[in-house]
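Worksheet: one structure, shown below.
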Amino acid sequence: AVIKPLVRRVAVIGAGGAGLAFGSVTKDSFDVVDIFEASSHVGGVWKYKNGVNDVMYSGLVTNLPKQIMQYSDMDTFVSGGGLEEPFSFVTHTEVQDYLEAFSKKHQLHELIQHNTRVTSVRKTEDGGKWIVERQSGQGEDAVTVNSTYDAVVVCNGHYAVPSRPKIDGLDAFEGECIHSVDYDSDICASLKGKRVLIVGARASAVDIAREM
């Protein structure tokens with residue numbers, strides 16, 4: 001007798017680096033692999049949009065070498081022009097181009113539903129499966145759809161939503177106060193000649209301090 005696998009239908013939330021990796025290695029293992037992506041592109045936060053609440057800023061360079069970031073089956077980090085980037089620390093544009101090339105190589109566009117935001121994930125009454133509710137479109141054109149899956153893989157990342165800790169006295173500060181998510185080169189230029197305090201000393205803080 002043929003034993004069918006317990007997991008046959010899988011929903012993946014997010015088409016960033018993790019979602020694309022999962023899709024590439026499992027698309028032929030299950031009957032259905034649906035990748036739901038809220039934006040119109042792959043790559044997640046790596047897509048530079050030059051706007052408010054955009055995690056990327058124009059001068060961002062990775063703090064990890066590309067040799068660590070690349071996928072095992074695609075060891076050439078390419079730029080948009082198809083030329084191999086000679087430097088280990090690449091820009092956000094090169095990372096985005098690499099993820100798009102990876103998606104194209106594995107034909108993941110066939111699995112991805114863009115402009116589709118997952119709004120709810122809940123178990124069925126018997127607890128054996130998952131009901132994934134998602135919304136496509138916006139406003140009056142928005143459509144809500146429910147589908148049942150055997151498994152759900154959450155790949156939505158955790159860098160898109162800024163963490164704003166409560167600091168006593170901050171609300172009384174009379175100067176300009178921004179989060180790194182709002183930072184870009186134009187803000188850097190506007191602060192020229194001013195005294196600037198950067199709170200935090202991890203990757204984004206050090207990178208912004210270097211640029212400023």
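The values are calculated or read from the model by the stated rules, or taken from the named source; none is laboratory data. Values in this document were obtained by computation on a predicted structure and should not be read as measured data. Cβ placement follows ideal geometry from the backbone for every residue including glycine, while neighbour counts extend to all protein chains displayed. The protein model used for the area step is the full one, side chains on, heavy atoms only, and it has no ligands, DNA or RNA in it. Shrake-Rupley method; radii C 1.70, N 1.55, O 1.52, S 1.80 Å.
Tabulated data
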| read-out | value |
| --- | --- |
| Scan of the stretch 172-212 for residues that are among the small types (Gly, Ala, Ser) and within 20 Å of residue 64 (Cβ to Cβ), ordered by number | 180, 200, 201, 203, 204, 205, 209 |
| Residue that is modelled with the highest pLDDT, among those in the stretch 155-205 that are within 30 Å of residue 130 (Cα to Cα) and open to solvent by less than 100 Å² (accessible area, probe 1.4 Å) | 155 |
| Residues of the stretch 27-68 that turn out to be in a helix (DSSP H, G or I), out of contact with any His (no Cβ under 7 Å at 6 or more places or on another chain) and crowded, with 16+ Cβ neighbours inside 10 Å, as a count | 3 |
| Residue list for the stretch 82-94, filter: at pLDDT below 75 and either touching a helix residue (DSSP H, G or I) at 6+ places or on another chain (Cβ under 7 Å) or under 21 Å from residue 45 (Cα atoms) (or both) | 85 |
| Lone unmet requirement of (1) free of Cβ contacts under 8 Å to residues at least 24 places away in the same chain; (2) touching a helix residue (DSSP H, G or I) at 6+ places or on another chain (Cβ under 9 Å) for residue 169 | (2) |
| Close pairs (9 angstrom Cβ cut-off, 6 or more residues apart or separate chains): in contact (Cβ under 8 Å) with a residue 40 or more places away in the chain in the stretch 179-200, polar (S, T, N, Q) anywhere | 181/53; 181/204; 182/53; 183/204; 184/50; 184/58; 185/58 |
